[in-house]
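Below: the structure, in structure tokens.
The values are calculated or read from the model by the stated rules, or taken from the named source; none is laboratory data. All values reported here derive from a predicted model rather than from experimental measurement. Heads up, the Cβs are rebuilt from the backbone with ideal geometry, glycines too, and the neighbour counts pull from every protein chain shown.
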Amino acid sequence: MTPLVFIKKWKAANLKERSAAQEHFIDLCRVLDEPTPAEADPNGEWYCFERGASKLTGGEGWADVWKRGCFGWEYKGKRKDLKAAYVQLQQYSVALESPPLLVACDMDRFDIYTNWTNTVQGTYTITLDDLHEPENRQRLKWVFSDPERLKPGKTRQTLTEEAAVQFASLAQRLRDQGHDPQTVAHFINWLVFCMFAEDIGLLPSDMFSRMLEHALVRPDDFVSMAQDLFRAMQSGGRVGFEHVEWFNGGLFDTEEALPLDRQDVELVLKAARLDWSDIDPSIFGTLFERGLDPDKRSQLGAHYTDRDKIMMLVEPVIIRLWFPKT
């Protein structure tokens, strides 16, 4: 099948997911000159449709297509929520032997998420019209036969170290201004938590980054804006016209914010523009210690355990026990 025929056929199709998914996948195999699941693996042991999988949250489900060492693939109907398909694949990931790629597709669009341990997540989106271009067809072919070509270069640990260095500089500046180390440590962790919350969708509409961008122009407004945000996160409420959920756990036990000058705000904004959903949460302990003790600025490794080492313990002790291969 030629790319033009594939594009024309599936642009015109208005079939439901159940009616269309397997035919769409087989047609794609023909376009990419890749064997179909039944052609490559007649027994369905390592490449198949409808792979049974246990969800991390409990219960059983099915991945629409699975190829060992390459991908888990989930279909949705046209113009449906592909984020939901991705979340579904995440729940199956362990039972699918943690494939390096997770693909969500609605017949019009392919969202390809990288899933390697200890790497920053990469996302590739390819639409039907994009398939006119050879480089986009090549990228999809790598999903089937050479996923390593899509592996991101930056690791989670590298990104975490990058963030820690930036906050170490901020903590030192705040201590040099005469602020109490305990107060600095708490304040740094409030900022970091806001960045996590924003990047995983708990704070709406890039609220924290927008606040910092305003403070970059008017640094004197930072304290009042930050206190409004911390107060809303402490008990739930509104910041301007936007609602903020209540964040439990006592983290925002006070609403005190330290004043930042323009250079301080630039440091925080640079850190906020990192993808905090890919940064290891163990950074909280590291930054808290750095806020308390200037001598620990260079000791990232002292109390930081990267994800790979954690998984060396979790994999045999927990995952293999509770999520055996199906």
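Data table
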{"quantity": "Selected residue (criterion: nearest to P37 (Cα to Cα)) from residues of the stretch 129-159 that are in contact (Cβ under 8 Å) with a residue 24 or more places away in the chain and acidic (D, E)", "calculated": "E148"}
{"quantity": "Residues that are surrounded by 17 or more Cβ atoms within 10 Å (Cβ to Cβ) and in a strand (DSSP E or B), drawn from the stretch 121-164", "calculated": "Y124, I126, T155"}
{"quantity": "First in the stretch 178-204 and among the acidic types (D, E), second anywhere and surrounded by 19 or more Cβ atoms within 10 Å (Cβ to Cβ), Cβ under 6 Å, 6 or more apart", "calculated": "E198/F208; D199/W276"}
{"quantity": "Within the stretch 130-178, considering residues that are within 30 Å of K11 (Cβ to Cβ) and touching a Gly at 6+ places or on another chain (Cβ under 9 Å), the one modelled with the lowest pLDDT", "calculated": "L150"}
{"quantity": "Subset of the stretch 27-46 [of a type outside the set (D, E, K, R) and buried (at least 16 other Cβ atoms within 10 Å of the Cβ)]", "calculated": "L28, C29, V31, L32, T36, P37"}
{"quantity": "Subset tally (residues that are at pLDDT 85 or above and within 12 Å of L258 (Cα to Cα)) for the stretch 182-213", "calculated": "6"}
{"quantity": "Residue check for F193: buried (at least 16 other Cβ atoms within 10 Å of the Cβ), among the aromatic types (F, W, Y) and under 23 Å from the mean Cα position of the chain (by Cα)", "calculated": "yes"}
{"quantity": "The one condition in (1) in a helix (DSSP H, G or I); (2) in contact with a helix residue (DSSP H, G or I) (Cβ under 6 Å, 6 or more places away or on another chain); (3) in contact (Cβ under 8 Å) with a residue 12 or more places away in the chain that D111 fails to fulfil", "calculated": "(1)"}
{"quantity": "Boolean, R175 is in contact with a Pro (Cβ under 8 Å, 6 or more places away or on another chain) and assigned by TED's automatic domain parsing to the domain that holds D261", "calculated": "yes"}
{"quantity": "Where a residue in the stretch 114-128 is more than 19 Å from K141 (Cα to Cα) and its partner, wherever it lies, is part of a strand (DSSP E or B), with Cβ under 9 Å and at least six apart", "calculated": "N118/T155; T119/T155; V120/T114; V120/T155; Q121/Y113; Q121/T114"}
